[in-house]
Amino acid sequence: MLDKPTTLPRARLDADARDVLATLPAIGRLMVTAKHLGATHERIGQVESVTFESGWAVIAGAEHDSQIELAAIGEIVVDRTSVMKDKAYPRIDLHRADGSYICGIVGFDGIEPFDAAVAPLGQGTPIDPRPEAPGGERIEASETDPGRLPLEDAQAAAASVVIGFRRPGFKQFWRGTIETVKPAMGFINVMRADFHLHLKAGAVAEWRRDSVTGEREAHNSDGEPLGLTLVRSH
C-alpha cells in the first residue's frame with residue numbers, strides 16, 4: 001500500500017521555531033542534513049532530546065549532535081512530496097530570512113509518526129512544489145582529489161576523527177573512525193549507520209590547517225570555505 005500523506009504536500013509553517021524543533025524526538029528515526037558548495041553532512045538516527053541554550057536549539061542523542069540558532073530561522077517549510085519505493089520521506093526545511101538554506105530534517109519512519117508529531121503546529125500555508133534542481137555535469141573523483149586525501153589518511157591510520165559542518169546559524173558534528181572512503185556517482189562518500197558525508201568531486205581545492213587545534217577546513221578553488229572541517233581526536 002502506498003505510504004502517502006493526507007495533509008498538505010508542501011506548506012509554510014507559521015509556528016514558532018522552538019515548537020517545531022521540539023517535535024523531533026517524536027518523529028522517530030530521522031536525518032539532519034546540511035549542505036554548501038558541494039559538501040553534504042548528514043546525521044541519522046533517533047533524536048533523544050532538543051534543548052534550548054543561549055538562543056540555540058541543541059539536537060542531541062547517541063546519533064545526533066546538531067545546533068541551530070533560532071534567530072537565524074526565517075522560514076519553515078514542511079514538504080511531504082518525497083516518496084521512494086512507496087515510502088514517504090517527509091521533511092522540515094529551515095531557511096534564513098534571505099532564502100538561503102540552513103538544513104533539512106527528514107523523517108525515515110514514514111508519514112504517520114511525522115504527521116502525528118507536527119499536527120499540533122497547524123497545517124500551514126500551501127506553497128508550490130519545490131522546483132527540480134538542474135542536473136550539473138558529473139565528474140568522478142581522481143585519486144589525487146584534495147577532498148579525499150585527509151579522509152583516506154585518517155582511514156589508513158584508523159584514527160578517531162571529528163567531521164564537522166559549520167555555517168551561519170548551524171553546527172553539526174560526527175565523531176568516530178572512517179571505515180571506508182568510497183568515490184561514487186561524482187561524490188567522495190563516507191558512510192556510517194549514523195553519519196553520511198557526500199563531498200562532490202573537485203569541490204575541495206585545499207584543506208587549511210589550524211596550527212593550534214590541528215583542525216582542517218575545506219576550501220574551494222575560489223578560497224571559499226565549504227563549512228566542512230576535519231580533525232583527529234584524542
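Summary table below
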item: Computed over segment 44-124, Kirkwood Rh from alpha-carbon pairs, angstrom; result: 13.8 Å
item: Accessible area (Å², per residue) of segment 1-156, counting only protein heavy atoms and a probe of 1.4 Å; result: 51 Å²
item: Semi-axes of the equivalent ellipsoid for segment 1-103, Cα gyration tensor, largest first, Å; result: 22, 17, 15
item: Isotropic mean projected area of the C-alpha convex hull, segment 90-131 (nm²); result: 3.8 nm²
item: Kirkwood-Stokes translational diffusion coefficient of the chain, alpha-carbon pairs, 4 °C, 1.567 mPa s, µm²/s; result: 70 µm²/s
item: Cβ charges +1 (Lys, Arg) and -1 (Asp, Glu), total dipole of segment 48-113, debye; result: 240 debye
item: Mean separation of Cα contacts under 8 Å, 6 or more apart, over the residue count of segment 137-221: relative contact order %; result: 29 percent
item: 37 °C / 0.692 mPa s Stokes-Einstein diffusion coefficient of segment 115-234, Kirkwood radius on C-alpha pairs, µm²/s; result: 200 µm²/s
item: Inter-label distance, nm, simple model (7 Å from Cα along the C-beta direction), E137/A193; result: 4.1 nm
item: Over segment 14-60 - Rg/Rh using Cα atoms and the Kirkwood inverse-distance radius; result: 1.01
item: Value of relative contact order over segment 32-124, rounded to a whole percent, pairs C-alpha under 8 Å and six or more apart; result: 20 percent
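The values are calculated or read from the model by the stated rules, or taken from the named source; none is laboratory data. All values derive from a computational prediction rather than experimental measurement. In this analysis, Cβ positions are derived from the backbone assuming ideal geometry, glycine residues included, and neighbour counts consider all displayed protein chains. We work out accessible area using only protein heavy atoms, side chains counted, and drop any ligands, DNA or RNA first. Shrake-Rupley method; radii C 1.70, N 1.55, O 1.52, S 1.80 Å.
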